[in-house]
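Engineer: One structure, pasted below without further comment.
The values are calculated or read from the model by the stated rules, or taken from the named source; none is laboratory data. The model shown is predicted, which means the values in this text are computed figures rather than measured ones. Please note: Cβ atoms are built from the backbone with ideal geometry, for glycine as well, and neighbour counts cover all protein chains shown.
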């Protein structure tokens, strides 16, 4: 196991529950949809009340991808480098950039309850745990705390460690390892890693609401595999649409959905019965290059990133109807929703 320590820059606000100093109060903002635009190295801020992009900000490196939200901060992985940007959502700028060292090509990322994050690194065949150091010093301006970040790397021993999911208690993490065609289980306390076969080009990974099952989308075989979360014993295989890139659990825990790039559809799977309940036609075309999926907090809306046409499809999940398409930057892919602030 490799451990590295890096120092972050100024962070305002109370992301890590540190003492509040005389920082500028953040302005109120509406609910934002954040989009990682890997084609023009930027992040779009879309006002979900109006459907309009209100700001587009550059990232510090190349090819921003997945995004995770912690409080009023957004962590954005830079897939074309070895770094993660921490954006202040209210002020729409980078508070700090975390250097991942030899852990190159970060891709999937999830927020943790302690204010940190856990991410995959394809180039490093690892996961990295990004933990805030609550010891702080006063910044050069004398106004705001200056935080340190601890970067802990855990090798998976697999190639192409791509997407990540964690159990509700945050004890176990699971990765889909694209090039190895495996799923890995990582114990975040003991750092032990176990991997099992999954299939050709396994890409997406998700955990059920009770934490007992792990579901993986295997894009090269147009299927989903269900595993027991503790033993990693396979429980079921479910045929889905063509080239399922992502798999995502609905907020109520009743459905898994897959984003099927080659036919521009979404397969809706009943978790209890492990059967495809229905198929939502988004574009019905491979040219839209549909990738990332994201539910609204209440589960009523489903967003699908169509990287080929620089749009985000907004879907009524209950009816499957296309509400409309939101405009973002070039090749928008990673998605996250930042809650409105008072």
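Engineer: Looking at this structure, is residue 211 within 20 Å of residue 292 (Cα to Cα) and assigned to a loop (DSSP other than H, G, I, E, B)?
Structural biologist: It is false that residue 211 is within 20 Å of residue 292 (Cα to Cα) and assigned to a loop (DSSP other than H, G, I, E, B).
Engineer: Of these, 283, 195, 231, which one is without any contact (Cβ under 8 Å) to a residue 60 or more places away in the chain and assigned to a strand (DSSP E or B)?
Structural biologist: Just a single option satisfies the conditions, and that option is 195.
Engineer: Could you identify the single residue in 167, 156, 175 that is in contact with a strand residue (DSSP E or B) (Cβ under 8 Å, 6 or more places away or on another chain), within 24 Å of residue 337 (Cα to Cα) and either surrounded by 23 or more Cβ atoms within 10 Å (Cβ to Cβ) or modelled with pLDDT under 95 (or both)?
Structural biologist: Testing whether each residue is in contact with a strand residue (DSSP E or B) (Cβ under 8 Å, 6 or more places away or on another chain), within 24 Å of residue 337 (Cα to Cα) and either surrounded by 23 or more Cβ atoms within 10 Å (Cβ to Cβ) or modelled with pLDDT under 95 (or both) leaves just 175.
Engineer: Filter region 305-334 down to residues that are touching a helix residue (DSSP H, G or I) at 6+ places or on another chain (Cβ under 6 Å) and surrounded by fewer than 23 Cβ atoms within 10 Å (Cβ to Cβ) and give me whichever is farthest from residue 259 (Cα to Cα). Spell out how you get there, then give the answer.
Structural biologist: From region 305-334, those touching a helix residue (DSSP H, G or I) at 6+ places or on another chain (Cβ under 6 Å) are 306, 308-309; that's our starting set.
Then keep just the ones that are surrounded by fewer than 23 Cβ atoms within 10 Å (Cβ to Cβ); that gives 308-309.
Working: 308: 14, 309: 16 Å.
Ranking the candidates gives 309 first.
Engineer: While we're looking at this one, here's another question. Can you name the residue in region 81-99 that is in a loop (DSSP other than H, G, I, E, B) and without any contact (Cβ under 8 Å) to a residue 60 or more places away in the chain and is also farthest from residue 155 (Cα to Cα) among such residues?
Structural biologist: Within region 81-99, the first condition is being in a loop (DSSP other than H, G, I, E, B), and the residues that meet it are 81-82, 89-92.
Then drop every residue that is not without any contact (Cβ under 8 Å) to a residue 60 or more places away in the chain, which leaves 81-82, 92.
Working: 81: 18, 82: 15, 92: 33 Å.
It comes out as 92.
Engineer: Which condition does residue 340 not pass, out of (1) surrounded by fewer than 21 Cβ atoms within 10 Å (Cβ to Cβ); (2) in contact with a strand residue (DSSP E or B) (Cβ under 6 Å, 6 or more places away or on another chain); (3) in contact (Cβ under 8 Å) with a residue 40 or more places away in the chain; (4) more than 21 Å from residue 219 (Cβ to Cβ), if it passes all the others?
Structural biologist: Residue 340 satisfies all of (1) surrounded by fewer than 21 Cβ atoms within 10 Å (Cβ to Cβ); (2) in contact with a strand residue (DSSP E or B) (Cβ under 6 Å, 6 or more places away or on another chain); (3) in contact (Cβ under 8 Å) with a residue 40 or more places away in the chain; (4) more than 21 Å from residue 219 (Cβ to Cβ) except (2).
Engineer: Okay, next question. For region 255-273, which residues satisfy the criterion of being farther than 15 Å from residue 218 by Cα and in a strand (DSSP E or B)?
Structural biologist: 255, 265, 268, 270
Engineer: In addition: Inspect region 310-325 for any residue being assigned to a loop (DSSP other than H, G, I, E, B) and more than 27 Å from residue 222 (Cβ to Cβ) and give the result as yes or no.
Structural biologist: no
Engineer: Somewhere in region 45-52, is a residue under 23 Å from residue 121 (Cβ atoms), modelled with pLDDT of 90 or more and part of a strand (DSSP E or B)?
Structural biologist: Within region 45-52 (the criterion being under 23 Å from residue 121 (Cβ atoms), modelled with pLDDT of 90 or more and part of a strand (DSSP E or B)), the answer is no, since none of the residues qualifies.
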